[in-house]
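Q: Please read through the structure below; I'll follow up with questions.
The values are calculated or read from the model by the stated rules, or taken from the named source; none is laboratory data. Because the structure is predicted, anything quoted here is derived from the model rather than measured. In this analysis, Cβ positions are derived from the backbone assuming ideal geometry, glycine residues included, and neighbour counts consider all displayed protein chains.
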Amino acid sequence: MTELLLQTCVNAVYASSFMALIAVGLMLIFGVMGVVNFAHGELFMLGAYCVVFVYADRDFPFFLAVMIGLVFVGVLGILMERALFRPVRDNPLAGLIASIGLLLMLQAAVAMGFGVRMEHINPPNQATFHPFGLEGVVVALQRLYVIIGAGVVLASLWVFLRRTRFGWALRACAQDPEAAALQGISINQTARLAMFIAAAMAGLAGALAAPLVRTYPYMGHSVIVTAFIVTIVGGLGSLGGAVTAAVLYGFVHTFVTTFSDGVIADIVGLLLMLLVLVARPTGLLGVRDRD
Amino acid sequence: MVSAWGSRGAFVGLFAGLIVLPHLLSFSQKEVAVFLVINVLVVVSYRLLTLTGEWSLAHVVITGVGAYASTLLAKRLGVPVPVAMPLGAAVAALTAYVLSFPLFRMKAFYFLIGSFAAGEVIRLCWKRFREPFGGPKGIKLIPSVPDIDIGIVDVAFFDPVNYYYLCLVVVTASVVVLRRLEQSRIGLTFHAIHWQDKLAESVGVDTRRYRTLAFVIASFFGGLAGALLAHYLGTVNPNQFDVESMVYVLVWVIVGGTATIYGPILGVVALTVVNEIVLRELGVDQARPLIYGAILIASILFLPDGLESLGPKMKRAFVRARERSDRGGTRG
């Protein structure tokens, strides 16, 4: 029983780290641009398909494929900012609708290019190990990649936001775009930067997790639903809240899946979010209400 | 007076066209016409909800509540279908009333996401609980609307043309009711809440009660649309009411525009015609979401007030062009 609990904990850590990568990106976009990016799950999906295209179909090294996924999706993020979100910046609903349009287009484009069937991707490294010498607990190395990748990226993002001038500019824009512009910070440039970081994080998550999850053109749907839950529970605009909520959700969802079933776990997750919204309509760590 | 007669004439013409229409279509197009009329009710009821300024992502699930409720009443409890349909709509309205307690604590994005979550919970319950909702495969063999057979009049609703007329009657009546409602004091209050909710509150309007009212009424008519759909198709399943269907409703409403009741109708009709005539004839089934997405993005970037704003815009441009040519003429 202890071993099952420990195994579930390990799985939960994997689920939360991968969710944190996506939710923090979603939050970053909302913080700087005030747009809820519905196409974020599709950015994740494109990251996974970069691995399909480069690694599974053409036998290039896995980590090269991950890097390509990261850069490709990041650049796509910059294009999204320029073409979709910048023209409608003063109207958050329009940004949301535009991202829904993009979601439909990306799904259809990938479905036409790769087919709607699930892709089979062999993990580059099939090795597993038993942490702390526990026989009953198995960790696949591939999952460890995701956990380490998420940890490194989130830590460097934190340092970037706290210690560099670009990071300060980004946080200033998130707090008050007008005041930031008065200080000589370019809002367009900052938005582009935020969009690149957020999209690249989603692409990285998709690329690293591609051999572990079901990779098909509509895989973004379940991811975006979860990411919404996490961002809302954490409170819109709070990156620390997003990470906390990702861990909370990861553990709750994994435990309910293990001891009941997946659909019940989804329902519990959604109810958890509704509960948080009812008790604290701006999320656990959300402080301000952005109108 | 002349213009009133003119618009009345236009309406009479429109209805004559709508009555003749199904006889000019092929069988599959007749079915599409049935779905189109039902979808008109979905978008018009959705617009009532957006009047107060809140955009819900649960509306399609609410139509599903109407469909499931009416189905279960008719199939399990043996309620006659014409009674089960409004009862299903009432269940949808009741569901909305219950949901309004948690949801209207939130505003703007929180409401959007909260309504999405609430809708998904309901949908996942249909999927998970085989008893009584039938699980992922849903419910089949739903009783259809009983045939009318009184002497000379014999109307079988299995025929899409007759079902089309039934839907047309129900939907037209609903649209008239919704339009009247919008022009009434209640409707004006909805508008006031949308544009100036603090000001409305300061003169004693209970904004939350009016938001709830809009949500409940919109859900009643949405549920009615769902019931109409269920008894025509003869089957309901959770995937009919997923977020993709909600996206299509959003596309129709956004492309049409929400300023007047005609905007969403224009949107759903225009896009259905494009979908059925242009895309189906071209045989680009797989690329359809691609084109829909492009239309959505283009309309949000270039026509943010929807198709309905096209008429006045062109009129203005025309007037301006004429003024310019007039000025040019006097100068010359």
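Q: Out of the residues in the range B:125-146 that are within 20 Å of A:D266 (Cβ to Cβ) and surrounded by fewer than 18 Cβ atoms within 10 Å (Cβ to Cβ), state the one that is modelled with the highest pLDDT.
A: Ranking the candidates gives B:C125 first.
Q: Based on what the data block shows, is B:S45 under 18 Å from B:T212 (Cα atoms), within 14 Å of chain A (Cβ to nearest Cβ) and either of a type in the set (F, W, Y) or under 21 Å from the mean Cα position of the chain (by Cα) (or both)?
A: So B:S45 fails the test.
Q: In the range A:269-285, which residues are of a type outside the set (G, A, S) and under 15 Å from A:M19 (Cβ atoms)?
A: A:L270, A:L272, A:M273
Q: Only one of these is surrounded by fewer than 19 Cβ atoms within 10 Å (Cβ to Cβ) and without any contact (Cβ under 8 Å) to a residue 60 or more places away in the chain: B:G13, B:G114. Name it.
A: The unique qualifying residue is B:G13.
Q: Of all residues in the range A:66-115, which are farther than 13 Å from A:M45 by Cα, within 8 Å of chain B (Cβ to nearest Cβ) and small (G, A, S)?
A: Across the range A:66-115, the qualifying residues are A:A94, A:A98, A:G101.
Q: Can you tell me which residue in the range B:249-306 is modelled with the highest pLDDT, limited to those that are more than 16 Å from the chain's Cα centre (by Cα) and of a type in the set (S, T, Y)?
A: This residue is B:S299.
Q: Still on this structure, please answer the following. Determine whether B:A259 is surrounded by fewer than 22 Cβ atoms within 10 Å (Cβ to Cβ), touching a Ser or Thr at 6+ places or on another chain (Cβ under 8 Å), more than 13 Å from every other protein chain (Cβ to nearest Cβ) and not basic (K, R).
A: Yes.
Q: Select from the range A:207-216 the residues that are surrounded by 24 or more Cβ atoms within 10 Å (Cβ to Cβ) and touching an Asp or Glu at 6+ places or on another chain (Cβ under 9 Å) and list them in ascending order.
A: Listed by number, the list holds a single entry, A:A210.
Q: Evaluate the following for A:G220: is it closer than 30 Å to A:G115 by Cβ and either modelled with pLDDT of 90 or more or hydroxyl-bearing (S, T, Y) (or both)?
A: It is false that A:G220 is closer than 30 Å to A:G115 by Cβ and either modelled with pLDDT of 90 or more or hydroxyl-bearing (S, T, Y) (or both).
Q: Could you list all residues from the range B:58-93 that are part of a helix (DSSP H, G or I) and not aliphatic (A, V, I, L, M)?
A: The answer is B:H59, B:T63, B:G64, B:G66, B:Y68, B:S70, B:T71, B:K75, B:R76, B:P82, B:P86, B:G88.
Q: Please find, among B:E308, B:E276, B:E323, B:E244, the residue that is among the acidic types (D, E) and within 11 Å of chain A (Cβ to nearest Cβ).
A: Selected residue: B:E244, the only one of B:E308, B:E276, B:E323, B:E244 that is among the acidic types (D, E) and within 11 Å of chain A (Cβ to nearest Cβ).
Q: Is there a residue being outside any helix (DSSP H, G or I), more than 10 Å from chain A (Cβ to nearest Cβ) and more than 23 Å from the chain's Cα centre (by Cα) anywhere in the range B:121-131?
A: Within the range B:121-131, none of the residues are outside any helix (DSSP H, G or I), more than 10 Å from chain A (Cβ to nearest Cβ) and more than 23 Å from the chain's Cα centre (by Cα).
Q: Now a separate question. Being part of a helix (DSSP H, G or I) and either exposed (fewer than 15 other Cβ atoms within 10 Å of the Cβ) or not polar (S, T, N, Q) (or both), is that true of even one residue in the range A:115-129?
A: Looking for residues that are part of a helix (DSSP H, G or I) and either exposed (fewer than 15 other Cβ atoms within 10 Å of the Cβ) or not polar (S, T, N, Q) (or both), one finds none in the range A:115-129, hence no.
Q: When you look at B:L77, is it surrounded by fewer than 20 Cβ atoms within 10 Å (Cβ to Cβ), at pLDDT 80 or above and either under 19 Å from B:S144 (Cα atoms) or within 14 Å of the chain's Cα centre (by Cα) (or both), yes or no?
A: In short, yes.
Q: If we keep just the residues of the range A:71-97 that are in contact with a Phe, Trp or Tyr (Cβ under 7 Å, 6 or more places away or on another chain) and among the hydrophobic types (A, V, I, L, M, F, W, C), which is farthest from A:F196 (Cα to Cα)?
A: Result: A:L93.
Q: Touching a residue at least 60 places away in the same chain (Cβ under 8 Å) and in a helix (DSSP H, G or I): is that true of A:A246 in this structure?
A: yes
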